[in-house]
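S.K.: Take a look at the following structure, please.
The values are calculated or read from the model by the stated rules, or taken from the named source; none is laboratory data. Source: prediction; values computed, not measured. Cβ placement follows ideal geometry from the backbone for every residue including glycine, while neighbour counts extend to all protein chains displayed.
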Amino acid sequence: MSPNGKSLLVIVPAFNEEGAVGNVVADVNRVMPDVPVLVVDDCSSDATVTVARGAGAEVLSLPHHLGLGGCVQAGYKLAFELGYQYVIRVDGDGQHDAADIPRIFETLHSSGCEMVIGSRFINGNGEHTSMVRALGSRFFRMVLRPILGKAVHDPTSGFVGVNRNALGVFSRSFPLEYPEIETLVVLQRRRFHFEEVPCRMLPRKSGRSSITPLKSIYYIVHVLLGVFVNVLKYERRAPKQPGRS
Amino acid sequence: MDRLLNVMTGLSALLILLVLVSVRRARIRVEYSVSWLMAALALLILSRARGLLHSIADLIGVTYPPLALVLLTGCLFLVIFYRFSVIISQLKDDNIALAQRVAILEYHVQSLKNAG
């Protein structure tokens, strides 16, 4: 199945990824030649914008650094305004395998769920995931299980596809600092649904991870707080949709 | 006791002076100076009005009145910090939304230029 018209957009949030973003864009173009790629540049100080444009991507340049959540949300907002039905987010560091994009899109399209997560842990494909991150994922799997009412194998994955319903919600409200886990709770509160598909994690193409043990602790505390704030947040819940579990 | 209360009087007077100078030099907007001025004024009055301070100390069960003043100071500043946290959070949200809007508008302008 190939996407047509303004069906699918791939967004690539990037911050100082000149060494990897060109390959990411090229890989997406090779796998999905008809799908536009939008690199959302979070005010990089290197040649990310030039490299991305050179590789054939459209670029949305933020005027100052917003962090991952603000960067991804900017891409969602533009995609929503432009009328896209589906958006798949691929990280700019080259760790997501573009070959998995068709599977995510296919599931998004055929299942009717609002979000599809590319999961590194469904078939034990977490070989390029750091131990800290794998432990964090395991911890949050336990925390999220009772909240979401179903198991999620890879709650920290940034390789996600969303449909227009989720796009509308995320355009208005999106967790700004560490969005992956909190977005699941945001979706659950609206009785939206998600699926997971197995995907491969590649080693970083350039640069190095900014995750340190101290940052990991801050991450866990911050995300836990964000999860519980989202659970407790007062807002009218969407009515349960008929015919869906 | 007198010395501690005198120190508090001096500090609150200094705070009032600092805030007024900052407002005059437009480093603090008037609406954000009000919280600081009110807190500093309250401390100034309490550190000078011994009878009132003793009554408050009795009310909250503190036997040493200057300690009651220190506790009140802490509480006042906590309220001010909370108020400013709310304001900063709102400003950050607005700032992010504005930055995103600017980026999206620039994208549209560039697309129009490329199309034309």
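S.K.: Going by the structure shown, is A:Phe170 without any contact (Cβ under 8 Å) to a residue 60 or more places away in the chain and either hydrophobic (A, V, I, L, M, F, W, C) or surrounded by fewer than 19 Cβ atoms within 10 Å (Cβ to Cβ) (or both)?
M.R.: Spelling it out, it is not the case that A:Phe170 is without any contact (Cβ under 8 Å) to a residue 60 or more places away in the chain and either hydrophobic (A, V, I, L, M, F, W, C) or surrounded by fewer than 19 Cβ atoms within 10 Å (Cβ to Cβ) (or both).
S.K.: Can you go through A:Glu18, A:Glu58 and tell me which one is touching a Leu at 6+ places or on another chain (Cβ under 6 Å) and among the charged types (D, E, K, R)?
M.R.: Result: A:Glu58 is the single residue among A:Glu18, A:Glu58 that is touching a Leu at 6+ places or on another chain (Cβ under 6 Å) and among the charged types (D, E, K, R).
S.K.: Which pairs have Cβ atoms under 9 Å, sit 6 or more apart or on different chains, and link a residue in region B:85-102 that is touching a residue at least 24 places away in the same chain (Cβ under 8 Å) to one that is in a helix (DSSP H, G or I) and surrounded by 12 or more Cβ atoms within 10 Å (Cβ to Cβ)?
M.R.: Pairs found: B:Ile87/B:Tyr32.
Residue-by-condition table, conditions (1) over 19 Å from A:Arg200 (Cβ atoms); (2) modelled with pLDDT of 95 or more; (3) within 16 Å of the chain's Cα centre (by Cα):
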site: A:Asp97; (1), (2), (3): no, no, yes
site: A:Gly112; (1), (2), (3): yes, no, no
site: A:Val116; (1), (2), (3): no, yes, yes
site: A:Gly124; (1), (2), (3): no, no, no
site: A:Pro155; (1), (2), (3): no, no, yes
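S.K.: Another question, if that's okay. Of the numbered conditions (1) without any contact (Cβ under 8 Å) to a residue 60 or more places away in the chain; (2) in contact with a helix residue (DSSP H, G or I) (Cβ under 9 Å, 6 or more places away or on another chain); (3) farther than 30 Å from A:Leu66 by Cβ, B:Thr73 satisfies every one except a single condition; which is it?
M.R.: (1)
S.K.: Looking only at region B:16-34, count every residue that is within 14 Å of B:Arg83 (Cβ to Cβ) and among the basic types (Lys, Arg) and tell me the total.
M.R.: The qualifying residues number 1.
S.K.: Here is a further query. Report yes if some residue within region B:70-90 is assigned to a helix (DSSP H, G or I), closer than 30 Å to A:Leu38 by Cβ and either within 17 Å of the chain's Cα centre (by Cα) or away from chain A (no Cβ under 14 Å) (or both); otherwise report no.
M.R.: Checked region B:70-90: at least one residue is assigned to a helix (DSSP H, G or I), closer than 30 Å to A:Leu38 by Cβ and either within 17 Å of the chain's Cα centre (by Cα) or away from chain A (no Cβ under 14 Å) (or both).
Table: residues versus (1) modelled with pLDDT of 95 or more; (2) on the phi > 0 side of the Ramachandran plot.
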residue: B:Arg3; (1), (2): no, no
residue: B:Asn6; (1), (2): no, no
residue: B:Leu11; (1), (2): no, no
residue: B:Leu18; (1), (2): yes, no
residue: B:Ala26; (1), (2): no, yes
residue: B:Arg29; (1), (2): no, no
residue: B:Tyr32; (1), (2): no, no
residue: B:Ser35; (1), (2): no, no
residue: B:Ala40; (1), (2): no, no
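S.K.: Same structure, new question: Does region A:30-63 hold any residues that are within 10 Å of chain B (Cβ to nearest Cβ), without any contact (Cβ under 8 Å) to a residue 24 or more places away in the chain and not acidic (Asp, Glu), and which are they?
M.R.: Selection gives A:Val59, A:Leu60, A:Ser61, A:Leu62, A:Pro63.
S.K.: What number goes with the only condition from (1) within 27 Å of the chain's Cα centre (by Cα); (2) within 14 Å of chain A (Cβ to nearest Cβ) that B:Val102 does not pass?
M.R.: Result: B:Val102 fails condition (1) only.
S.K.: Let me ask something else. Which condition from (1) touching a strand residue (DSSP E or B) at 6+ places or on another chain (Cβ under 8 Å); (2) buried (at least 23 other Cβ atoms within 10 Å of the Cβ) is the one that A:Asp97 breaks?
M.R.: Checking A:Asp97 against (1) touching a strand residue (DSSP E or B) at 6+ places or on another chain (Cβ under 8 Å); (2) buried (at least 23 other Cβ atoms within 10 Å of the Cβ), the one that fails is (2).
S.K.: Check A:Leu66 against each of (1) crowded, with 24+ Cβ neighbours inside 10 Å; (2) within 9 Å of chain B (Cβ to nearest Cβ); (3) in contact with a strand residue (DSSP E or B) (Cβ under 9 Å, 6 or more places away or on another chain) and name the one condition it does not meet.
M.R.: It is condition (3) that A:Leu66 fails.
S.K.: What's the total number of residues in region A:174-194 that are away from chain B (no Cβ under 14 Å), assigned to a loop (DSSP other than H, G, I, E, B) and out of contact with any Leu (no Cβ under 8 Å at 6 or more places or on another chain)?
M.R.: Qualifying residue count for the region: 3.
S.K.: Enumerate the pairs (first residue in region B:45-58 and within 17 Å of B:Arg3 (Cβ to Cβ); second residue anywhere and polar (S, T, N, Q)) with beta-carbon separation below 6 Å, excluding pairs fewer than 6 apart on the same chain, so at least 6 apart or on different chains.
M.R.: Close Cβ pairs (under 6 Å, with a partner that is polar (S, T, N, Q)) amount to B:Ser47/B:Thr9.
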